[in-house]
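Working notes, structure below.
The values are calculated or read from the model by the stated rules, or taken from the named source; none is laboratory data. Being a predicted model, the structure only gives us computed values, none of them experimental. Positions of Cβ are backbone-derived with ideal geometry, glycine not excepted, and every protein chain shown enters the neighbour counts.
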Amino acid sequence: MQNGNDGLADAIALVTGAAGGIGTATCAALTRAGAIVIGSDLGECPPNLQVAKWMRHNVSSPEDWGAVRSAIEQDYGRLDCLVNNAGTIVIGSIEETSLADWRRVFHTNVESVLLSLQALLPLLRIAGEGRRGGASVVNVSSPAGMRPRGFSSAYSASKAAVTSLTRSASKEYGRLGYPIRANAFYPGGSNRLGMASTVHARYIELGLAPSQAQQEAAAIAVTSLKRNCEPEELAAGIRFLCSTASSYMTGTDFIVDGGAA
Ligand SMILES: NC(=O)c1ccc[n+]([C@@H]2O[C@H](COP(=O)([O-])OP(=O)(O)OC[C@H]3O[C@@H](n4cnc5c(N)ncnc54)[C@H](O)[C@@H]3O)[C@@H](O)[C@H]2O)c1
């Protein structure tokens, strides 16, 4: 256990999308910090994932959020940190984006955050009363929500909505006196992470980029640091927002993108 004085030792933390690239690294980072991590995703727990508990969980489902709340309430009685990380993307032009795809992206990326805040509010309030700065909600947004690159309109709009919802939550909690912080996290693209590789492949398929190598080089070129990020570098940002080291931060945009344009 490390850094036991930053509010993560024995903190109860839920990470959605825990089987994916950023989710896996986040579970490991929080576990290393001493948190009791509940990972959730659509399928079974991947081997070697560092979690104390696993839940199969579709984040678009109100019923699943009810089951998650009941399980956490029964096992732990509170929730210190909520990381809404699960996400999905559709790549295609606006004219070709079907309403079904648009809705699927919004259900997964935005409604999930609303459902989480509704289902888990009592558990976050309980934890927040006893924690410096309160309980912490980290909603994983995307730089695409600020600077859409085209051909991913549903995704970009959904991530802008995640940011807006996060700011609304932080303001409301402040006005209502709830001991809960809410911040939006912006991961830079890494060519090595699940979602980025899906995007690269689809851009090539649509003729929007000549090759995987060219796509990867372009993604690196827009960063100031001129390299890929490691998933651990993204997880470190989420870990910071979960910890009491960020106890005076709420309603912020926290960007870890290597200085991308
Ligand atoms: N990787 C990047 O370059 C990047 C950049 C900006 C933002 N993000 C955001 O970071 C988050 C994680 O991305 P990642 O790169 O680790 O992607 P990933 O595809 O590796 O992981 C996403 C996870 O979410 C899960 N998921 C999808 N729909 C779900 C649902 N309905 N219910 C439960 N789980 C569901 C998937 O099964 C997957 O395990 C996402 O919200 C993504 O939008 C990623």
Notebook entry, point to check: Residues of region 157-184 being touching a Gly at 6+ places or on another chain (Cβ under 6 Å) and of a type in the set (S, T, N, Q), which ones?
Noted result: T163, S170
Next item on the list: Taking A18 as the residue in question, decide whether it is touching a residue at least 60 places away in the same chain (Cβ under 8 Å), part of a loop (DSSP other than H, G, I, E, B) and either of a type in the set (F, W, Y) or within 15 Å of the ligand (Cβ to nearest atom) (or both).
Entry: yes
Check: Just to be sure, is A184 crowded, with 18+ Cβ neighbours inside 10 Å, at pLDDT 95 or above and under 20 Å from the mean Cα position of the chain (by Cα)?
Finding: yes
Check: Do we have D10 as part of a helix (DSSP H, G or I) and not polar (S, T, N, Q) here?
Finding: no
Checklist line | Residues satisfying the stated conditions in region 191-218, i.e. closer than 21 Å to A160 by Cβ and of a type in the set (S, T, N, Q) | finding: T198
Check: Quick one: what pairs do we get from region 76-91, first residue farther than 17 Å from R181 by Cβ, second part of a loop (DSSP other than H, G, I, E, B) and more than 16 Å from the ligand (Cβ to nearest atom), C-beta under 8 Å, 6+ apart or different chains?
Finding: V90/T97; I91/L206
Next item on the list: Could you give me the residue pairs with C-beta distances under 8 Å whose first residue belongs to region 215-234 and is closer than 12 Å to A260 by Cβ, whose second residue is more than 12 Å from the ligand (Cβ to nearest atom) and part of a loop (DSSP other than H, G, I, E, B) wherever it lies, and which are 6+ apart or on separate chains?
Entry: A218/A209; I220/K226; I220/R227; V222/A261; T223/G259; S224/G259; L225/G259
Notebook entry, point to check: If you check G39 against the conditions, is it modelled with pLDDT of 95 or more, crowded, with 21+ Cβ neighbours inside 10 Å and either aromatic (F, W, Y) or closer than 22 Å to E73 by Cβ (or both)?
Noted result: yes
Notebook entry, point to check: Is it fair to say A28 is at pLDDT 95 or above, part of a loop (DSSP other than H, G, I, E, B) and either crowded, with 16+ Cβ neighbours inside 10 Å or aliphatic (A, V, I, L, M) (or both)?
Noted result: no
Next item on the list: For region 104-205, please list each of the helices (runs of 4 or more DSSP H) lying entirely inside it that holds at least 2 residues being away from the ligand (no atom under 16 Å from the Cβ) and in contact with a Pro (Cβ under 6 Å, 6 or more places away or on another chain).
Entry: 112-129
Notebook entry, point to check: Taking the stated definitions as given, is G87 more than 9 Å from the ligand (Cβ to nearest atom) and either within 24 Å of L241 (Cβ to Cβ) or not aromatic (F, W, Y) (or both)?
Noted result: no
Notebook entry, point to check: Is at least one residue of region 191-198 farther than 27 Å from A213 by Cα, touching a residue at least 60 places away in the same chain (Cβ under 8 Å) and charged (D, E, K, R)?
Noted result: no
